[in-house]
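Encoded as structure tokens, the structure appears first; notes follow it.
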Amino acid sequence: MSALLEVEALETCYGASQALFGISLTIAAGEMVTLLGRNGMGKTTTIKSIVGLIAPSAGTVRFRGERIDGLSADRIGRAGIGLVPEGRQIFPNLSVRENLVAWASNRSAAAEPWTLARVFEFFPGLAERQQHMGNQLSGGEQQMLAIGRVLMTNPHLLILDEATEGLAPLVRNEIWTCLTALNKAGLAILLIDKYVRTLVRIAHRHYIIERGRVHWQGSSEQLGADQALWHRYLGL
Ligand code: ATP
């Protein structure tokens, strides 16, 4: 498999305080990869550094063979990385339809791009609520809208920070089903979430981040078989 995203020796600081100390990771086309680790270990900072929301102080990020570190978040988005941020951040005073249309573009020049009709077909619940305002939606609907909105940009890589945070178990399962379907259709996915048992089932590979460093990386099979890792790094 060819590397879609290659992060090498990434270091990121918040002022004088260093949060990342040389993070390296790769994602191949079509892979689903997770970032795991306890709170405050650097997962969100890693994602923000990849998508250009924070400028890394050292290291490189290559996407589809091109250096993207140092580019603006907008340029990185246009290169084909779509972020579903923690807390969804959908527009509360725009309707579902307006939220989706506001983001539309075919960044990856896909032969069969995501359109409003396709997003509504994929998320029938959103179709029913298309005239509702963003702030009238449940948490699950908001997360589907946040994912649908990113799909409307036709990304090569979908990144989700806390993919199912605050969602009820049934809704969480809907999100997992939807991410699995997107990945099976060929979309590469990088995600942060804490439901390791599910992630071992649906994702291919995992990185455990501890105090700004990658402390372990491996396949779902390896992580699933090593409960000591769960206990040591994830507090489970
Ligand atoms: P969580 O699940 O709690 O979001 P995380 O693994 O995503 O955890 P980060 O949010 O990346 O962790 O935080 C990594 C480190 O950077 C922590 O020590 C945190 O306190 C620090 N940090 C995060 N955001 C900022 C900020 N805006 N200013 C200063 N320090 C920050």
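Every read-out reported here was derived from the displayed coordinates using simple, explicitly stated rules and does not represent laboratory data. This structure is a prediction, so every number in the text was calculated from the model and none was measured.
Starting from one equal scatterer on each C-alpha and no solvent at all, send me the Debye-based log10 I(q)/I(0) for segment 1-71 at q = 0.14, 0.19, 0.24, 0.26 Å⁻¹, two decimals.
-0.40, -0.73, -1.10, -1.25
Give me a comma-separated list of calculated 3J(HN,Hα) values for segment 163-174, in order, Karplus coefficients 6.51, -1.76, 1.60 applied at θ = phi - 60°, integers in Hz, x for any Gly or Pro.
Result, ordered by residue: 4, 10, 4, x, 9, 5, x, 5, 5, 4, 4, 5 Hz.
In whole Hz, with x marking every Gly and Pro, tabulate ³J(HN,Hα) for segment 139-147 from phi via Karplus 6.51 cos²θ - 1.76 cosθ + 1.60, θ = phi - 60°.
Running phi through 6.51 cos²θ - 1.76 cosθ + 1.60 with θ = phi - 60° gives x, x, 5, 4, 5, 5, 5, 4, 6 Hz.
First obtain the Kirkwood hydrodynamic radius of segment 1-123 from its Cα pairs, then insert it into the Stokes-Einstein equation at 37 °C and 0.692 mPa s, and state the resulting D in µm² per second as a whole number.
In µm²/s, the coefficient is 203.
Taking the Cα atoms of segment 59-141, what is the range of coordinates along each of the three principal axes, in descending order and whole Å?
Rounded to whole Å, the extents work out to 43, 30, 18 Å.
Would you mind estimating how fast segment 94-155 diffuses translationally, via Stokes-Einstein at 37 °C and 0.692 mPa s with the Kirkwood radius over Cα pairs, in µm²/s?
290
For the chain, what size does the Cα cloud have along each of its three principal axes, sorted from largest down, in whole Å?
46, 37, 36
Check cross-link reach from Lys194 to the lysines: straight Cα distance under 16 Å, and skip same-chain residues fewer than eight apart.
Lys43
Over the C-alpha atoms of segment 112-223, what are the Rg and the largest Cα-to-Cα span, Dmax, in Å?
15.1, 46
How big is D for segment 164-236, in µm² s⁻¹ as a whole number, if Stokes-Einstein is applied with the Kirkwood radius of its Cα pairs at 25 °C and 0.890 mPa s?
On the way: Rh = 13.2 Å.
Rounded to a whole number, D works out at 186 µm²/s.
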